[in-house]
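S.K.: Starting off with a structure, shown below.
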Amino acid sequence: MAAASLAPRKSLGQHFLLDEAICRRIAAQAGDLAGRHVIEVGPGPGGLTRALLATPAASVVAVEFDSRAVALLAPLAEASAGRLRVIEGDALGLDLATLVPAPRHIIANLPYNVATPLLVGWLRDAAAFERLTLMFQQEVAERIAAAPDTSAYGRLSVLAQWRCRVQLVMSLPPGAFRPPPKVWSAVVVLDPKPEAPDPALFRALERTTAAAFGQRRKMLRGSLKSLGDAEGLLAGAGIDGSRRAETLTVEEFERLALGVLRRVTP
């Protein structure tokens with residue numbers, strides 16, 4: 001890192017994970033990788049990348065935005081006997097499913113500043129992946145795994161749990177990273193449900209959850225007004241309009257989203 005002048009940049013949300021034992025533990029959370037094709041986003045100096053190469057994964061594709069890290073990873077790619085490919089680019093603009101054949105895994109210590117939009121994008125195409133093993137800030141991880149009627153439960157909880165079985169599997173203190181962030185981090189494992197839903201229904205669920213949790217202190221009859229005829233929408237889903245967003249189950253949000261979808265699809 002010193003030779004490549006790879007000091008972590010705050011603007012890129014970089015907090016490098018270099019502890020070999022921790023990197024091996026994260027790789028192990030992905031399960032048996034034999035024959036799997038792994039995509040890593042934001043490898044940085046390659047701590048987790050090395051742990052992934054030590055598994056029986058068929059291949060590893062590392063997507064890195066920072067050209068300094070790309071250069072630093074080049075010797076590792078050369079020494080990997082063709083198992084590691086490094087792509088310089090912005091993962092937000094890439095269709096990761098096109099990079100490797102199935103079965104595909106995403107395993108990553110995500111840059112904090114783009115972790116949530118990356119996850120939502122992958123959830124839209126979740127059936128393309130066998131498993132996602134991802135590190136977030138602890139607060140974000142808790143939101144992803146939160147149950148209804150808790151303070152952490154929100155839009156991200158519903159979207160993630162509608163498409164995947166979600167488990168928060170390990171937490172890491174700030175001191176595990178360089179530089180140490182101000183908060184704890186946590187690893188979440190997401191196992192996508194095999195069925196691929198209508199993309200239009202996912203978009204409807206995004207709209208519904210954005211409206212409901214955008215004004216979460218309001219009753220649903222008020223927070224869903226932006227969707228048009230909130231009372232009719234709630235009645236069609238069999239949901240009391242005096243309830244608030246955090247009390248609804250994922251299945252109840254799906255019923256609301258189906259109602260929204262029917263309005264735009266004759």
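The values are calculated or read from the model by the stated rules, or taken from the named source; none is laboratory data. Fair warning: this is a prediction, and the values are worked out from it, not measured in the lab. Cβ atoms come from the backbone with ideal geometry, glycine included; neighbour counts cover every protein chain shown.
S.K.: Restricting to the range 48-91, name every residue that is touching a strand residue (DSSP E or B) at 6+ places or on another chain (Cβ under 7 Å) and of a type in the set (Ser, Thr, Tyr).
M.R.: Once the filter is applied, which keeps residues that are touching a strand residue (DSSP E or B) at 6+ places or on another chain (Cβ under 7 Å) and of a type in the set (Ser, Thr, Tyr), the range 48-91 yields THR49, SER59, SER67.
S.K.: While we're here: Return the residue satisfying two criteria in turn: it lies in the range 146-160 and is of a type outside the set (Val, Ile, Thr) and buried (at least 21 other Cβ atoms within 10 Å of the Cβ), and of such residues it is farthest from THR209 (Cα to Cα).
M.R.: Residues of the range 146-160 that are of a type outside the set (Val, Ile, Thr), as a first pass: 146-149, 151-157, 159-160.
In the following step, the residues that additionally are buried (at least 21 other Cβ atoms within 10 Å of the Cβ) were identified as 146, 153, 155-157, 159-160.
Working: ALA146: 15, TYR153: 11, ARG155: 5, LEU156: 9, SER157: 10, LEU159: 8, ALA160: 12 Å.
Here the answer is ALA146.
S.K.: Residues VAL86, VAL114, VAL100: which one is surrounded by 15 or more Cβ atoms within 10 Å (Cβ to Cβ), free of Cβ contacts under 8 Å to residues at least 60 places away in the same chain and either of a type in the set (Gly, Ala, Ser) or assigned by TED's automatic domain parsing to the domain that holds LEU132 (or both)?
M.R.: VAL86
S.K.: Could you say which residue among ALA147, ALA160 is closer than 21 Å to LEU256 by Cα, of a type in the set (A, V, I, L, M, F, W, C) and touching a strand residue (DSSP E or B) at 6+ places or on another chain (Cβ under 9 Å)?
M.R.: Selected residue: ALA160, the only one of ALA147, ALA160 that is closer than 21 Å to LEU256 by Cα, of a type in the set (A, V, I, L, M, F, W, C) and touching a strand residue (DSSP E or B) at 6+ places or on another chain (Cβ under 9 Å).
S.K.: Specify the residue that is nearest to GLY47 (Cα to Cα); the eligible residues are those in the range 153-191 that are touching a residue at least 12 places away in the same chain (Cβ under 8 Å) and among the small types (Gly, Ala, Ser).
M.R.: Ranking the candidates gives ALA176 first.
S.K.: Can you pull out every residue in the range 205-247 that is of a type in the set (S, T, N, Q) and either within 21 Å of VAL264 (Cα to Cα) or touching a Lys or Arg at 6+ places or on another chain (Cβ under 8 Å) (or both)?
M.R.: THR208, THR209, SER223, SER226, SER242
S.K.: So, ALA211, is that one in contact (Cβ under 8 Å) with a residue 12 or more places away in the chain and either touching a strand residue (DSSP E or B) at 6+ places or on another chain (Cβ under 9 Å) or surrounded by 15 or more Cβ atoms within 10 Å (Cβ to Cβ) (or both) or not? Walk me through it before giving the result.
M.R.: Values: in contact (Cβ under 8 Å) with a residue 12 or more places away in the chain: yes; either touching a strand residue (DSSP E or B) at 6+ places or on another chain (Cβ under 9 Å) or surrounded by 15 or more Cβ atoms within 10 Å (Cβ to Cβ) (or both): yes.
For ALA211, the condition - in contact (Cβ under 8 Å) with a residue 12 or more places away in the chain and either touching a strand residue (DSSP E or B) at 6+ places or on another chain (Cβ under 9 Å) or surrounded by 15 or more Cβ atoms within 10 Å (Cβ to Cβ) (or both) - is met.
S.K.: Something else: Which of the residues spanning the range 210-254 are under 24 Å from the mean Cα position of the chain (by Cα) and either charged (D, E, K, R) or over 18 Å from GLN161 (Cβ atoms) (or both)?
M.R.: Scanning the range 210-254 gives ALA211, GLY214, GLN215, ARG216, GLU246, GLU251, GLU252, GLU254.
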